[in-house]
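For reference, the structure discussed in these notes is given below.
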Amino acid sequence: MSTTTIAKPKAKQPGKGGRKISLPVLLLIIAGVLVLTSIVRLITGADGITSTGQMSTALRLAVPIGLAGLGGLWAERAGVVNIGLEGMMILGTWFGAWAGYQWGPWTGVVFGIIGGALGAVLHAIATVTFNVNHIVSGVAVNILALGTTRYLSKFAFEGVPQGSSKQSPPIDSLGTFDVPGLSSWLDTLNEKHWFLISDIAGLVGGLITDLSPLTVVAVALVPATWWVLWRTAFGLRLRSCGENPVAAESLGVNVYKYKYIAVIISGGFAGLGGAFLSIVASNVYLDGQTAGRGYIGLAAMIFGNWMPGGLALGAGLFGYTDSLNLRGGTTNVHALILLLAIVLVFGAAYLAWQKKYVPAVVTALISALMFVWYVGTDEVPRQVVTAAPYVVTLLVLSLSAQSLRMPKADGMPYRKGQGK
């Protein structure tokens, strides 16, 4: 029997979920945000918000978040909620650093993937085989990973030159590269600070400047994931397990097998994100290095509505706010307050046009407060910059919650043969 009949999606009921944004509309929104950002840059003089260096740093910080999000996407498309992404990332950072300083960075990358996959196997056994609550299992994996890596660090790194119980010895670099000619030209164009043109040059230049080979691999995994999950029979069967496992089983799909595969791949992606942190982002393992990026990756996946493209946009947004900690944070965040206030004005107008008057008024009031905050200050406290990634995570999830559509069987218990 053809697999194309598996889990055929039902038509959406009126009032359930938001409208799907078409590609032209999405591109128009992105263009509008770019124009507004350029205007704000000219008004505030905060040229750093669209500089090549800022965008390059944002990309580097977005990669581990995006990889964790991809891990969550694979697991949840098969119906398994993976709160354990943080722990799998922790295992990836440790195993990547442990193997990387001894046998080279690429070996460390492989071991980082293996470390994350080991955490995923535990999660799969608990949730798929023993039907443990997915949240409880994920939290247990996070706690176990944190305790295990701290214990192992005492034996693996303490007493080693430049190592300690909380830090590994330095790891050799994978190297970086630019696109010859184009990177320097875009950087020069960005430094001229022309309206919109320099901002676009900074955005594009940041994506092709000071690149690690592992960054290229990570970015390529986004379209690869889309192709595998939405354009292959394997992907169709896997997604059917997250939509209607009983129907999938009736058509001959081994649901347990696909759930295991999805969760292990999920852990591998999270472990790769952890290895990126310890090998590329900082070239050492540090205790607490993930800093909640596994949870932010999960938020990026939800923001992207369980789709690779939206996930990548979410990871980019969170990576950008995280990068503000490293490059002119207080000045740049102050300028972004004005940008946010302007965006909220448009949001209030849109809600009023939709005849949602109470949300429109609330949005307008928040916008007014943001304007007052901007006018009344010259820069923001450093604590606001540090908290920015987490605040943005909460805001994005709260604003997008009404238009999300998760896999129908995501997190639901399943037993083989339960449909008989």
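The values are calculated or read from the model by the stated rules, or taken from the named source; none is laboratory data. A quick note: this is a predicted structure, and the numbers were derived from the prediction, not measured. Don't worry about glycine lacking a Cβ; one is built from the backbone with ideal geometry, like all the others, and counts go over all protein chains shown. Please note that ligands, DNA and RNA were not included when accessible areas were found on the heavy atoms of the full protein model with its side chains. Shrake-Rupley method; radii C 1.70, N 1.55, O 1.52, S 1.80 Å.
Please specify each residue of the stretch 118-133 satisfying the condition of being in contact (Cβ under 8 Å) with a residue 60 or more places away in the chain and either open to solvent by less than 20 Å² (accessible area, probe 1.4 Å) or among the aliphatic types (A, V, I, L, M) (or both). Passing the criteria: Leu118, Gly119, Ala120, Val121, His123, Ala124, Thr127, Val128. Each residue in the stretch 256-287 was checked for being open to solvent by 30 Å² or more (accessible area, probe 1.4 Å) and not hydroxyl-bearing (Ser, Thr, Tyr), and 9 of them qualify. Taking the criterion of being touching a residue at least 40 places away in the same chain (Cβ under 8 Å) and either more than 26 Å from Trp98 (Cα to Cα) or aromatic (Phe, Trp, Tyr) (or both), the only residue of the stretch 138-182 that qualifies is Phe157. Hey, could you check the stretch 45-62 for residues that are part of a helix (DSSP H, G or I) and open to solvent by 40 Å² or more (accessible area, probe 1.4 Å) and say which is farthest from Val128 (Cα to Cα)? Filtering the stretch 45-62 for residues that are part of a helix (DSSP H, G or I) and open to solvent by 40 Å² or more (accessible area, probe 1.4 Å), the one farthest from Val128 (Cα to Cα) comes out as Asp47.
The set of residues in the stretch 125-136 that are farther than 17 Å from Ala68 by Cβ and of a type outside the set (Val, Ile, Thr) comprises Ala126, Phe130, Asn131, Asn133. Mind listing whichever residues of the stretch 161-188 are in a loop (DSSP other than H, G, I, E, B), open to solvent by 40 Å² or more (accessible area, probe 1.4 Å) and more than 19 Å from Ala291 (Cα to Cα)? Selection gives Pro161, Gln162, Pro170, Asp172, Ser173, Thr176, Asp178, Val179, Pro180, Gly181. Every residue in the stretch 223-245 that is more than 19 Å from the chain's Cα centre (by Cα), open to solvent by 60 Å² or more (accessible area, probe 1.4 Å) and touching a residue at least 40 places away in the same chain (Cβ under 8 Å), please. Across the stretch 223-245, the qualifying residues are Arg237, Asn244.
Yes/no per residue for (1) farther than 30 Å from Tyr414 by Cα; (2) without any contact (Cβ under 8 Å) to a residue 24 or more places away in the chain; (3) not in a helix (DSSP H, G or I):
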{"residue": "Ile29", "(1), (2), (3)": "yes, yes, no"}
{"residue": "Pro64", "(1), (2), (3)": "yes, no, no"}
{"residue": "Val80", "(1), (2), (3)": "no, no, yes"}
{"residue": "Ile90", "(1), (2), (3)": "no, no, no"}
{"residue": "Val110", "(1), (2), (3)": "yes, yes, no"}
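So, Ala220, is that one modelled with pLDDT of 95 or more, surrounded by fewer than 23 Cβ atoms within 10 Å (Cβ to Cβ), more than 24 Å from Val396 (Cα to Cα) and of a type in the set (Gly, Ala, Ser) or not? Taking the combined requirement at face value, the residue satisfies it. Beta carbons closer than 6 Å, at least 6 apart along the sequence or on distinct chains, pair a first residue in the stretch 285-308 that is among the polar types (S, T, N, Q) with a second that is assigned to a loop (DSSP other than H, G, I, E, B) and open to solvent by 20 Å² or more (accessible area, probe 1.4 Å) for Asn305/Leu404.
Residue-level check: of (1) over 17 Å from Glu76 (Cα atoms); (2) surrounded by fewer than 19 Cβ atoms within 10 Å (Cβ to Cβ), Gly115 misses just (2).
Counting residues in the stretch 246-255 that are within 18 Å of the chain's Cα centre (by Cα) and surrounded by 22 or more Cβ atoms within 10 Å (Cβ to Cβ) gives zero.
One line per residue, one yes/no per condition, for (1) farther than 12 Å from Gly96 by Cα; (2) in contact with a Ser or Thr (Cβ under 8 Å, 6 or more places away or on another chain):
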{"position": "Asn254", "(1), (2)": "yes, no"}
{"position": "Leu277", "(1), (2)": "no, yes"}
{"position": "Ala299", "(1), (2)": "yes, yes"}
{"position": "Gly309", "(1), (2)": "yes, no"}
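Can you tell me which of (1) in contact with a helix residue (DSSP H, G or I) (Cβ under 8 Å, 6 or more places away or on another chain); (2) surrounded by fewer than 24 Cβ atoms within 10 Å (Cβ to Cβ); (3) in a helix (DSSP H, G or I) is the one Gln102 doesn't meet? All conditions pass for Gln102, except number (1). Can you list residue pairs whose Cβ atoms sit under 7 Å apart, with the first residue in the stretch 270-282 being in contact (Cβ under 8 Å) with a residue 24 or more places away in the chain and the second being among the aromatic types (Phe, Trp, Tyr) and not in a helix (DSSP H, G or I)? Count only pairs 6 or more apart in sequence or on different chains. Cβ pairs passing all conditions: Ser278/Tyr285.
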